[in-house]
Amino acid sequence: MRKKIRLTSILMAVIFSFISVFGTTSTNFVEATGDGSSTGSKKVVAYFPNWGTYNSAHQSFEVKDIPWDRVTHINHAFFTIDRNFKLTSLDTYADYEKQFAHSEGWGKLSGHMGEYKYYKNVYPNVKVLISVGGWTRGENFHDMAKTKETRKVFIDSAIQFLKQYPFMDGIDLDWEYPGVDRPRDTNDQYDRGCPGGPEDKENFTLLLKEMREAYNANGLKNKLLTIAAPSGYDKLQYQEPDKYHQYLDFINVMTYDMHGAWEKVTNHHSPLYQNPNDPSGTSPVNIKEKYNVDTAMKIFENEYNIPAEKLNVGTPFYSRGWSGIVKETGENGLFAKANGNHLGDWDDPANPYPGGQEPWFKLKKLETTSGWKKYRDPYAKAPYLYNESKGIMLTYEDEESLREKSNYVKENGYGGLIIWEISGDDKYSNFPMTTIAYKEMTSGKVDSVLKEGILSVDNSKNTGEYKLKVAIPRLNTANKFKLYENDKVIEEKSIQQESKEDQVFEFDFKKEKGTYIYKLETLDNKSSLISRDLKVEVTDPSSGGGNNGGEEDPNRLPLHSFVPYVDFTAWPLFDISQVEKTGANKYVLAFIVSEGGTKPVPRWGGFSEYNLNHQKDVINKLRAKDGEVMVSFGGANGTPLAVTASTPEQLKDIYAQVIDAYNLKYIDFDIEGSWVAHKESIERRSKALALLQKDEKYKDVKVWYTLPVLPTGLTNDGIEVVKSALKHGVKLEGVNVMTMEFGPYYVPSKLQPGELAKHSISAGENLVRNLKDAYKSVGITKTDEELWPMVGITPMVGQNFNKNEVFYQEDARILTKFAREKKIGLLSMWSINRDKEDPNGPWNPNPSHDFSGIAQKEYEFASIFKQFEEKDDGGVVIEPTLKAPNIDVLKGQKEGDYTINVKVPSNNKGNNVKIYENNKVVKEVNIEENKDVLQEVKYSVVGNKVGEYVYKAVLSDGLSSVESQTITVNVKEIDTSLPQWDPSKVYLGGERVIYNGLEYEAKYWTQGNNPEESDAWKLLSDVAVEWNKDKAYNGGDKVTYKGNTYEAKYWTKGNVPGESDVWILIK
């Protein structure tokens, strides 16, 4: 559970010393037999925070406050694992000594354990478990689980505990997370971190297996063994749920904290379903499509084959939140950019990065507090609060969303709900949220609730004639709705209450020029809900709808065009009609794939419907300005329709539906990843396109293929894709290559302006050779002059995912000049969405969907590439200009040793470089101007004193100058009080030493292991050390090898930097 443990000064570090009294553990496994459901109905598992008794923000919550008659299980949070690998309380005073109402007296059973003993007599059917770990106290899981011997120490202590306190019903393990090596959060005073490695995957399974065997061998078959599991598939991949679930009574899936202030865009932290407009990324982690309750639960059930009844769904009784909301972004605070952190009542005020954690009982009050407005996302089935004047957004669970989630549990046959955590409910109002959870879980009926209706509009012709669609979700208590136009009721209609199917109503309109605002109110006999506003603009009723009226132009997208990609799945939808602003009037709209990854139904990004009004509206606005679009099928994420369609005929009809919906003359197929080698779908696509082009209606539709490429040309798989199309008679307009992500083999070090363009040019030249060979394979001979118009080139502007690859403005100028000289067919870029600078700071090595990651003017790349279309023969002239240098730092092997490295771009007018340290010149060098390659200037520092040093470089030509970005080097003080490493001494996990002038921390028990060479030690000093093939490295560790500096992506040992993908070249 992602919560902070708050301890007080009265806590004592008392550790249990359990005496092992067990015989040999049986290896004959008996499956989980504990009473996982204490009633015949579903479970309500409530976590109890043992620190709540001290804290008014937790209502000074005690065991007696638990609504025992409305829960089936209590998980006591938290115990931990001590350095000796034994189970121990985090707060022995509160758990064993503090005097509560039912304590047996000093020296006798008191504290929380005494209270549990009392209430177990009153409520014998409620199960009480000890939960071990949590977000902040999982520091010893990894080492404990390493060997059978260390696991036995923990298991023996757990068995002893259950025997000593027989009224306790079991153990819940909350290891966050096996296989993930998470360092301590230095901003969180309570966090100890949670080390991890690949061995955790098997060891976690063995731990659960051996615990179950120990239960059975010690007469504890009726005791429960459960775990808290992550909802993120990316964390689950390091575990074996399909193997270990047999040892568990049930699994508590933490379906919350999916989004939070660690991100810079607001979102829901426990969305039931995906909102198709969610702007989250899909790579390297597919947050957009998989970070929602439904997908998380289905992964457990379908991918890991865990019975639904064994899975509990999480409900949060607290919020996540942001401050500093940028009003102009998102919609009413949702999917908006945020620049700050909101300090909630459950946050640690000492943490500079609080999480916006407010308890539900406070959120309930905020719902009616002036300045706060409550919104509901009809897609995600989740509420949120937004205070526009304060710039704060809070995402949480409320009564309606809890009922929705409860219905979801019952409809899908899941085991029940888990509550994090019970003190968030309002104990002074008789626990309204827990009451809802219990009533829903003990009732087999799927209840109806009042739900917001959804408005959509078909106004693509933009002539004043359009159709409004009203959708009323199923299982709705609403008995009527009201449709408003510009705040006046224009339709009022009775509807069927609690219908088992969605109810849809359509209304036709014919309007004069103007703006019309619609909203929908759904009402039952008690209350009502109002939808978000829907705006319809009628621009010119006599225009005939732009491209839909009059004769069609078959050549709206001519050869030799600049056609950038636009992410058409992003929200808010990029306005492609703003031609005057971007300079572009032709676009590739990306990407249409299979619905949900499994159905042969075309969807934007796999989820958003096509053929919607707002999509067609913006396309028609572009066409009214002599623009055009090409729709791209495929992309890096999702499943191509060629995979899910069963026959070429079905696939041809699907393509035709999309073509008809948008009146397309051009379509593109972006085939990448594993799909470029998927022979079955490649053949099906080729046959379908051949059928499409034979159809009289679609014979003029032009087909482009977009494929991955290397500087040496298409991959072998890519060549086979082209040959398959030609073999089946597909008329290809051209092949577009993605000149990006070439990898460390081709780009082993950071590129400077002008260098990545050379790789793009090489790829284009070799593509001509590939196409010539492909046509020869079907008996057709084509000349270079015929093939160059079939070439398309698409770089990724700015920072690429490979940190060494940056496509600068200089690269764009060079590539544009080449494209004009060769008269290629299509010049594109990924993407117009990224063609701007991040307002929070231009230089960012982590690629964004919204910014280029480099310093630039808005739509600067588009303005350069647009010159490709100019009709004169002058081409693009690359004049030498004064270009800003780039500066970075190469860390040495000792604190205070490093090198400042300045790189001056090619074709530069500058002839003098000055390096500044804290605004003083420390080095000045004259360089050669107008040189066609980059030049480097280095400044080495040895033994700098403790402090902060700010560096920048200034390049001048004698008349003017430009500056680099600034970088800061913090030279930290070595703790001289720490002892030097002693090879004869025993060190325990967490102990620190100095070795060769660097600070190290022991990961676990160790003796005689050299810190510089052994896995047992973690380097704390911020330096890069020489790579050692015998040493294990964790994600984030830096090493030097053959003059380069590398950073590990994740745990690795023996993999050579520069040769293995586990290492990222950073300098």
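Rounded, prolate or oblate: which one fits the chain, using the alpha carbon gyration tensor with axes a ≥ b ≥ c (rounded when a/c is under 1.5, else prolate when a/b beats b/c, else oblate)? Write out the running numbers ahead of the final one.
Numbers: a/c = 1.87, a/b = 1.26, b/c = 1.49.
Here the chain falls in the oblate category.
Send over the Kirkwood Rh of segment 886-971, from the inverse of the averaged 1/r over different Cα pairs, rounded to one decimal Å. Before the final figure, lay out the partial values.
On the way: mean 1/r = 0.0754 Å⁻¹.
Here the Kirkwood hydrodynamic radius works out to 13.3 Å.
Using only Cα atoms, tell me the angle between helix 148-164 and the longest principal axis of the chain; keep it within 0 to 90° and round to the nearest 10.
Taking Cα atoms only, the helix is inclined about 50 degrees.
How much length, in nm to one decimal, is gained on full extension between Thr515 and Lys782, taken as 0.36 nm per residue of separation minus their Cα-Cα distance? The partial results should precede the final answer.
Details: separation 267, 0.36 × 267 = 96.12 nm, distance 5.39 nm.
That works out to 90.7 nm of additional length.
Which ³J(HN,Hα) values in Hz, rounded to whole numbers, follow from the phi angles of segment 600-608 under the Karplus curve 6.51 cos²θ - 1.76 cosθ + 1.60, where θ = phi - 60° and Gly and Pro get x?
x, 10, x, 9, 5, x, x, 9, 7
Mind listing which chymotrypsin sites (Phe, Trp or Tyr not before Pro) in segment 131-218 are in a DSSP loop and have 15 or fewer other Cβ atoms within 10 Å? Present the calculation step by step, with values, prior to reporting the outcome.
Numbers: sites: Trp135, Phe141, Phe154, Phe161, Phe167, Trp175, Tyr190, Phe204, Tyr215; in loops: Trp135, Phe167, Trp175, Tyr190.
Passing both the DSSP loop test and the Cβ count: Phe167.
What is the Cα centroid distance between segment 328-373 and segment 703-775, reported in whole angstrom?
48
Here is the link list: Lys405/Lys439; Lys405/Lys493; Lys469/Lys526; Lys365/Lys410. Which ones come out longer than 22 Å on Cα distance?
Listed pairs above 22 Å: Lys405/Lys493; Lys469/Lys526; Lys365/Lys410.
Above 17 angstrom, tally the Cα pairs of segment 680-782 and express them as a % of all pairs, no decimals. If you can, show how the numbers build up before the last one.
On the way: 2968 of 5253 pairs.
In whole percent, the share of Cα-Cα pairs in segment 680-782 beyond 17 Å is 57.
Using helices alone, I'd like the mean residue ellipticity at 222 nm for the chain: each DSSP H run of four-plus residues gives -39500 (n - 2.57), total over residue count, nearest 500. Walk me through the intermediate numbers first.
Details: 21 runs with 208 residues, N = 1067.
Mean residue ellipticity, 222 nm, calculated: -5500 deg cm²/dmol.
Output the antiparallel fraction of DSSP beta bridges having both residues in the chain, as a percent to the nearest 5. Intermediate values should be presented prior to the final figure.
Values: 115 of 189 bridges.
Percent antiparallel among DSSP bridges in the chain is about 60.
Treat the count of other C-beta atoms within 10 Å as a stand-in for reagent exposure and order Met393, Met113, Met630 from fewest to most. Intermediate results must be reported in sequence, preceding the final value.
Working: Met393 29, Met113 23, Met630 26.
By the 10 Å Cβ count, ascending: Met113, Met630, Met393.
For helix 648-662, what angle does its Cα long axis make with the longest principal axis of the chain, in degrees from 0 to 90 and rounded to 10?
Computed tilt is about 80 degrees.
Would you mind checking Lys43/Lys223; Lys43/Lys500; Lys209/Lys599 for any pair whose Cα atoms are more than 28 angstrom apart? Each step should come with its number before you reach the end.
Values: Lys43/Lys223 16 Å; Lys43/Lys500 26 Å; Lys209/Lys599 38 Å.
Those over the limit are Lys209/Lys599.
Read phi for every residue in segment 708-715 and hand back ³J(HN,Hα) as whole Hz from Karplus 6.51 cos²θ - 1.76 cosθ + 1.60, θ = phi - 60°, with x for Gly and Pro.
x, 8, 10, x, 7, x, 5, 6
Of all trypsin sites (Lys or Arg not before Pro) in segment 340-437, which ones are in loop regions per DSSP and have a Cβ with at most 11 other Cβ atoms within 10 Å? Don't skip to the answer; put the middle values down first.
Values: sites: Lys362, Lys364, Lys365, Lys373, Lys374, Arg376, Lys381, Lys390, Arg403, Lys405, Lys410, Lys427; in loops: Lys381, Lys390.
Sites meeting the loop and neighbour criteria: none at all.
Taking H as built 1.01 Å from N, whose amide H comes closer than 5 Å to the amide H of Lys702, not counting residues under 5 places away?
So Lys702 has HN proximity to Tyr666, Ile667.
Can you sort Leu641, Leu988 so the residue with the fewest Cβ neighbours within 10 Å comes first? Please report the intermediate quantities before stating the final value.
Details: Leu641 28, Leu988 11.
Least to most surrounded, the residues fall as Leu988, Leu641.
List the trypsin sites (Lys or Arg not before Pro) in segment 308-361 that DSSP assigns to loop (not H, G, I, E or B) and whose Cβ has at most 16 other Cβ atoms within 10 Å. Which are they? Show your work: numbers first, answer last.
Numbers: sites: Lys310, Arg320, Lys327, Lys337; in loops: Lys327.
Answer in residue order: Lys327.
Tabulate in residue order the Karplus-calculated ³J(HN,Hα) for segment 859-869, using 6.51 cos²θ - 1.76 cosθ + 1.60 with θ = phi - 60°, rounded to whole Hz; enter x for Gly and Pro.
6, 5, 5, 4, 5, 6, 5, 4, 4, 4, 8
Where a number appears in this text, it was derived from the coordinates with a stated rule and is not lab data. This one's a predicted model, so the numbers in the text were calculated from it and none came from an experiment. Here the Cβ is made from the backbone with ideal geometry for all residues, glycine too, and neighbour counts use every protein chain on show.
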